[in-house]
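Structure, as structure tokens:
Where a number appears in this text, it was derived from the coordinates with a stated rule and is not lab data. Keep in mind it's a predicted model, so treat the numbers as computed, not measured. Cβ placement follows ideal geometry from the backbone for every residue including glycine, while neighbour counts extend to all protein chains displayed.
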Amino acid sequence: MNLPIDAIKTHLTDGFDQSVKRLSDLLRIPSIGTDPDYNTQTVEAANWLVQQLADLGFDADLKATAGQPAVVAHHPGPGGEGPRILYYGHYDVQPAEPLDLWTTPPFEPVIVDGPRGKRIVARGAVDNKGQSMMFIEAFRAWKNVYGTLPVAVTVFLEGEEESGSPSLDGFLRAHKHELQADICVVSDTNMWDIDTPALGIMLRGLLYLEVTLQGPSQDLHSGLYGGAVPNPLNILGKILGDLHDEHGRVQIPGFYDDLVDLGDLDQVWQNLAFDEAAFLQNAGLSQSIGEAGYSTLQRIWSRPTCDINGIIGGYTGAGAKTVIPEKAMAKLSCRLVPGQNAANIKDGFRTFLEARLPAGCRYELDELGAAPALMVSTDSPYLKAAETALRDVFDRAPILVGMGGSIPAVGAIREHLGIESILMGFGLDDDRVHAPDEKFELRCFQNGMLSHAVLLAKLAGADA
Ligand SMILES: [Zn+2]
């Protein structure tokens, strides 16, 4: 199906006020999925979306999960050959507290002037109602102008993202066939800046470990026993202190063995103009430290890490207590990059630990989570389609970015459905996601709709 896109763009531009009005209608529904007091409103938002999609010719339903319902909708597209595209988003929002820090009530959306033009302010403005409405408005434009979508589409919007998606894995497994598609499109990420689009192509994975050292069978008097028995806190401190060498490299055996060579990409990231001062200033810092020989962007996107997240042990109350604790515990997380295998890294940590553990000290090692890094192949035809669509709308190439953290849904969709994701988001770093006065720049909303409209056409022609 090869229809001119200009009519769609004109339709979206002419109807922009109506698109903003529909987004405002959705934002007015306080779908705080984490708070049982708002269950009615959460379901109301889901039903509102089902109705919108049904009006656009989708076969749309609310599907029960163990928690908040999911919106699932299918559109056949023009028929015939061609890929099916899965769109993922979420309709639940974070609680709005602290309410007194909002300039206007969080569920009464307002359009206000900002330094970059008009913006819409409300809880969910960008995360994720605004970003989800971009593709729904793109579907609407195709329907209104050409009577159908140029490609087959399935929409899946969950209502538990802000609660950590407890039902997601089970839901994806149970609806594996219904949700089958060739590629998934997710709009829940940021642009490089307001004029420069970005596509996320790498997400670091995670290995979370909890280690407990046990020395004596109970807490001991440090005067009576100190100096003659293993102190788990002393030992743990020494072991954790050994995790990095003086160049910031992680000393777990085999930690770097399986890293994939990122080739050109690593070079690009090394040289990408990045406002490091602003990045550090957000954290109240002025100096970056990390693995020697790498730029800050590489350190947060393409290099693996090992961080201590917490240490518990001994006496921590007021005043002094002379005690040799019976146990000490630490929580550690490793951010993983492509090639690294969480099970191998865990084994490596066990070897590292056992080599340093003195007689009389036992350990327990628990895994609290493991997910591999994800990478979108840079020569995927779908990624190329997204690059072309963004170039068309912004008149410049998107920046291919890495992401330091994971997006759990992207990993789950890959694991349970076997589908890769295109991460094409239109938020900005200062959107105040999860905070008072959350906003979405209307320019980003409009460019996002246009990009999705063009992407639909490009995906129709893309083939794996
Ligand atoms: Zn969120």
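For this structure, a couple of remarks:
- Placing unit charges on the Cβ atoms of the charged side chains and taking the dipole of the chain about its Cα centre, the candidate lying farthest along the positive direction among Pro398, Ala73, Ala330 is Ala330.
- Sites Ala355 and Asp429, calculated FRET efficiency, Cβ-Cβ separation with R0 51 Å, nearest 0.05: 0.75
- Sequentially through region 143-157, phi angles give Karplus couplings (6.51, -1.76, 1.60; θ = phi - 60°) of 4, 5, 7, 10, x, 7, 8, x, 8, 6, 9, 10, 10, 10, 10 Hz, Gly and Pro residues having no value and appearing as x.
- Cα-based shape type of region 62-196, given that a ≥ b ≥ c are square roots of the gyration tensor eigenvalues and the cut on a/c is 1.5: oblate
- For the chain, DSSP calls about 70 percent of its internal beta bridges antiparallel.
- Per residue of the chain, the DSSP helices (runs of n ≥ 4 H) give a summed -39500 (n - 2.57) that works out to -9500 deg cm²/dmol at 222 nm.
- For Gly427, nonlocal amide neighbours, meaning residues 5 or more places apart or on other chains whose placed amide H falls under 5 Å from its own, are Thr189, Asn190, Met191.
- Across the cross-link table entries Lys9/Lys118; Lys118/Lys384; Lys63/Lys439; Lys118/Lys458, which are compared at the Cα atoms, the separations over 23 Å belong to Lys118/Lys384; Lys63/Lys439; Lys118/Lys458.
- Straight-line cross-link reach from Lys321 at under 12 Å between alpha-carbon atoms covers these aspartates and glutamates, not counting any fewer than eight positions away in the same chain: Asp219.
- Highest average packing first - 14-23, 361-370, 114-123, Cβ atoms within 10 Å: 114-123, 14-23, 361-370
- Sum of side-chain charges, Leu442 neighbourhood, beta-carbon under 13 Å (Lys, Arg +1; Asp, Glu -1): +1
- Highest average packing first - 259-272, 435-448, Cβ atoms within 10 Å: 435-448, 259-272
- For the listed peptides 425-434, 54-63, a ranking on the average number of other beta carbons within 10 Å per residue, highest first, reads 425-434, 54-63.
- When only alpha carbons of the chain are considered, Rg and Dmax amount to 25.0, 86 Å.
- P(r) of region 28-86 over all Cα-Cα pairs, binned every 10 Å from zero, in whole percent: 23, 41, 24, 10, 2
- A P(r) calculated from all alpha carbon pairs of region 237-300, with 5 Å bins opening at zero, reads 4, 14, 18, 22, 18, 15, 8, 1 percent.
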